[in-house]
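Notes follow the structure.
The values are calculated or read from the model by the stated rules, or taken from the named source; none is laboratory data. Everything quoted here is computed from the prediction, not taken from an experiment. As a convention, Cβ positions derive from the backbone with ideal geometry for all residues, glycine included, and neighbour counts pool all protein chains shown.
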């Protein structure tokens, strides 16, 4: 015994049909603004490649906790001598420049 089923569309009111063709959207924007950007906590900074993650400025791996940042820089400034060219070197440079100018003029 085979049973056949017939599919019929349910009756639609004209008011619902007219309403469906005209959609009223809400006024924009519908969302509220999020929180303002806040600075990272003290002793932390954004990671170089992942700015959404924070990194401690000073971290003690042995104890597994943040440490105090040193008050002064660990690296010392270089206070070496500043070498200036002596008179002999400056004379050699000026002679070389004069020779180049002479060659550019055609050697005359």
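Of note:
- Number of the exception - residue 108 against (1) in contact with a helix residue (DSSP H, G or I) (Cβ under 9 Å, 6 or more places away or on another chain); (2) at pLDDT 75 or above: (2)
- If the condition is being assigned to a loop (DSSP other than H, G, I, E, B), modelled with pLDDT of 80 or more and surrounded by fewer than 10 Cβ atoms within 10 Å (Cβ to Cβ), then the stretch 61-85 contributes 61, 62, 63, 64.
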